[in-house]
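Since the structure comes first, as structure tokens, the remarks are kept for the end.
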Amino acid sequence: MLEIVTPAASTGGQLVEVLFTLPPGRRGPPVHVHRHVEEWEVLDGTLDARVGGGRRTLPTGSSLSIPAGTAHTFRNSGEEPVRVLDRHRPAGRFEDFLRREAALSADGLRHPGTVLRLAVLWDDYRDTQAPPGRAARAALSALAALGRRLGATPD
């Protein structure tokens, strides 16, 4: 579940704040990087973070700042939901990317067409969120190209 708490438009694009809730056992997005700083503040529960090759457990009340270009992801391996306030500085196109990604993946990834549509979206927003490393970016571009050839769109 996602909620835009502070829209980018209200900060002149300097910040977007998103509140997300992960149910028990839920993983976040694949490992990725941003061209901007991301900050997590754990409001409830425990977030398992993978940042720059290391792993950290973030309990309620803790926070973490992720520098631009640092590979990261997260998950909830606990038995309770975890709520996190997620900040991106500057906002860039992250808010739009996140809204579109959430809409596409709302029903899960059971349909192969969803994976292709997500690949097209990630490729369209590679200035916002991208896989780390040249090989992963090339694989995403190839998958997005296949998706486009088959008529997949991120809308």
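Name every residue in the stretch 125-140 that is crowded, with 16+ Cβ neighbours inside 10 Å and not in a loop (DSSP other than H, G, I, E, B), in order of residue number. Hits for the stretch 125-140 are Ala130, Ala136, Arg137, Leu140.
Checked against (1) at pLDDT 95 or above; (2) assigned by TED's automatic domain parsing to the domain that holds Arg126; (3) among the acidic types (Asp, Glu), Glu101 meets all criteria but (1).
Scanning the stretch 123-149 for residues that are under 26 Å from Arg89 (Cβ atoms) and touching a Ser or Thr at 6+ places or on another chain (Cβ under 9 Å) returns Asp123, Arg126, Pro132. Of the residues making up the stretch 20-55, those that are basic (Lys, Arg), surrounded by 13 or more Cβ atoms within 10 Å (Cβ to Cβ) and modelled with pLDDT of 95 or more number 1.
Each row is one residue, and each column tells you yes or no for (1) among the aliphatic types (A, V, I, L, M); (2) loosely packed, with under 14 Cβ neighbours inside 10 Å.
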residue: Thr73; (1), (2): no, no
residue: Glu79; (1), (2): no, yes
residue: Asp107; (1), (2): no, yes
residue: Leu116; (1), (2): yes, no
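Out of all the residues in the stretch 33-46, is one or more of a type in the set (Asp, Glu) and over 14 Å from the mean Cα position of the chain (by Cα)?
Yes: the stretch 33-46 contains one or more residues that are of a type in the set (Asp, Glu) and over 14 Å from the mean Cα position of the chain (by Cα).
Select from the stretch 105-124 the residues that are within 26 Å of His36 (Cα to Cα), touching a Leu at 6+ places or on another chain (Cβ under 9 Å) and part of a loop (DSSP other than H, G, I, E, B) and list them in ascending order. Hits for the stretch 105-124: nothing passes.
The values are calculated or read from the model by the stated rules, or taken from the named source; none is laboratory data. Just so you know, these numbers come straight off a predicted model, no measurement behind them. Every residue, glycine as well, gets a Cβ built from its backbone with ideal geometry; the counts of neighbours run over all protein chains shown.
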